[in-house]
Amino acid sequence: MIRPTAIAFFAMLAACSGPSGDAQPASATPAETKTATPADVLDKVLAGAHRPGEERARDQYRHPKETLLFFGAEPSMTVVEVWPGGGWYSNVIAPFLAAGGGAYYAAGLDPASSERNASAVADFEAKYKGDASLYGTVNLTALSDATIAPDDSADLVLTFRNVHNWMGAGTADANFAKFYAALKPGGVLGVVEHRAPEDAPAGFEGSSGYVKESTVITFAEAAGFELEARSEINANPADTKDHPFGVWTLPPVRRSSEVRGEETPGFDRAKYDAIGESDRMTLKFRKPVGADGALLQ
C-alpha cells in the first residue's frame, strides 16, 4: 500500500508537469492516490517533467518500469543502487521511493580516490539531496566502504551494467558480499548487465564490456544468493556482440576509435547506431530467509 506521503508527491508532479498532462492532475483525490499500485507510481515518475527528453529517449532500451517491477520494487522499500553514475536510474528510483516514504541509498564512487570522482559525487549529492520533495530520503555511501548500507536493512539492491568493471578491478567477489550483507533475509539483488555469449572465448568477458550470465550467477551464489528468476526484458537480439570497440561501440557511448575522443576515418557509425543499446541479462537473486522463516515485509 502506498503511504499518505504519496499524496504530496503526486501533487508536486502535477505542479511540475507541462500542458501535455503527463503527470497526475492536481484534482486527484486522496483515495485515488492511496490505492495507487507500484506500476501507477512508476508511470507518474517516468512521465514527470523532472526527466529530460534525452533520459526518456532511453526508456525503449532500458525498460525501467518493467525492470523495477520484475525485481519487486515498491515505494515503501529501502533500496540501494550501486554505482548510480550520472543518475539515470536515480531519477526514477528516488522519486518512486519518495512517493511511498521509502529510503534510497546510492553506493557510489569513492570521492577520495580522485578529483574526478570527488567532483562526480559532489554533483550527484547537490542534485539528489537538494530537493527532498522530489527525491525524498537520499543516503550517500561508497561501494568502497566497508558497508554500503546498514547490515540487514535493505529490501532491494540494484546494479545496472557494472559487473564488467568489477571483474576488471578484481572486486566482484567482495562487492557481491557487500550486497548480501546489506540485504534483509528474503531481500532481492537485481542485476542488469551486458550479456556475453556463453561460448565466448577466454578474454572476451570484461574487456569487451560483456559478461556471461553464468559468471554473474557464480559471483552471486558464491556470496550466498539464490537465483530466483531471469527475464528477457532488456534483451536485444540485434546485438551481435562482435563490435570493434566492445560494447562501447554501441549507444550511448558510441565509441569510434581505440582512443577516446578521436574518430576513425570512414568508420560506419550508422550500422552500430541502428543496433541500439546492448543485449542485457536481467537476473533476480534472493538472500535466503533465516532459520526463523521470517519473510520480508
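The values are calculated or read from the model by the stated rules, or taken from the named source; none is laboratory data. Given the structure is predicted, the values throughout are model-derived calculations rather than measurements. Glycine also receives a Cβ, built like all others from the backbone with ideal geometry; neighbour counts cover every protein chain displayed.
Observations on the model:
- Qualifying residues in segment 201-226 (those that are surrounded by fewer than 15 Cβ atoms within 10 Å (Cβ to Cβ) and either under 18 Å from the mean Cα position of the chain (by Cα) or not hydroxyl-bearing (S, T, Y) (or both)) - the one nearest to L69 (Cα to Cα): E226
- Looking across segment 150-181, the residues that are more than 21 Å from T67 (Cα to Cα) and either of a type outside the set (G, A, S) or buried (at least 23 other Cβ atoms within 10 Å of the Cβ) (or both) come down to P150, D151, D152, N165, W166, M167, T171, A172, D173, N175, K178.
- Number of positions in segment 150-184 that are farther than 24 Å from M77 by Cα and small (G, A, S): 5
- Residue within segment 103-125 that is touching a residue at least 60 places away in the same chain (Cβ under 8 Å), touching a helix residue (DSSP H, G or I) at 6+ places or on another chain (Cβ under 9 Å) and under 20 Å from L46 (Cβ atoms) present: no
- Count of residues meeting criterion [outside any helix (DSSP H, G or I) and closer than 20 Å to H164 by Cβ] in segment 258-280: 7
- The number of residues in segment 247-297 that are at positive phi and at pLDDT 95 or above comes to 1.
- In segment 86-113, the residues that are of a type outside the set (A, V, I, L, M, F, W, C) and either modelled with pLDDT of 95 or more or in a helix (DSSP H, G or I) (or both): G87, Y89, S90, N91, P95, G100, G101, G102, Y104, Y105, G108
- Whichever residue in segment 257-281 is touching a strand residue (DSSP E or B) at 6+ places or on another chain (Cβ under 8 Å) and not hydrophobic (A, V, I, L, M, F, W, C) and, among such residues, is surrounded by the fewest Cβ atoms within 10 Å (Cβ to Cβ): D279
- Applying the criterion of being of a type in the set (D, E, K, R) and assigned to a helix (DSSP H, G or I) to the residues of segment 44-60, the residue that is surrounded by the most Cβ atoms within 10 Å (Cβ to Cβ) is K44.
- The set of residues from segment 37-64 being more than 18 Å from S278 (Cβ to Cβ), within 16 Å of the chain's Cα centre (by Cα) and free of Cβ contacts under 8 Å to residues at least 40 places away in the same chain comprises just one member, R56.
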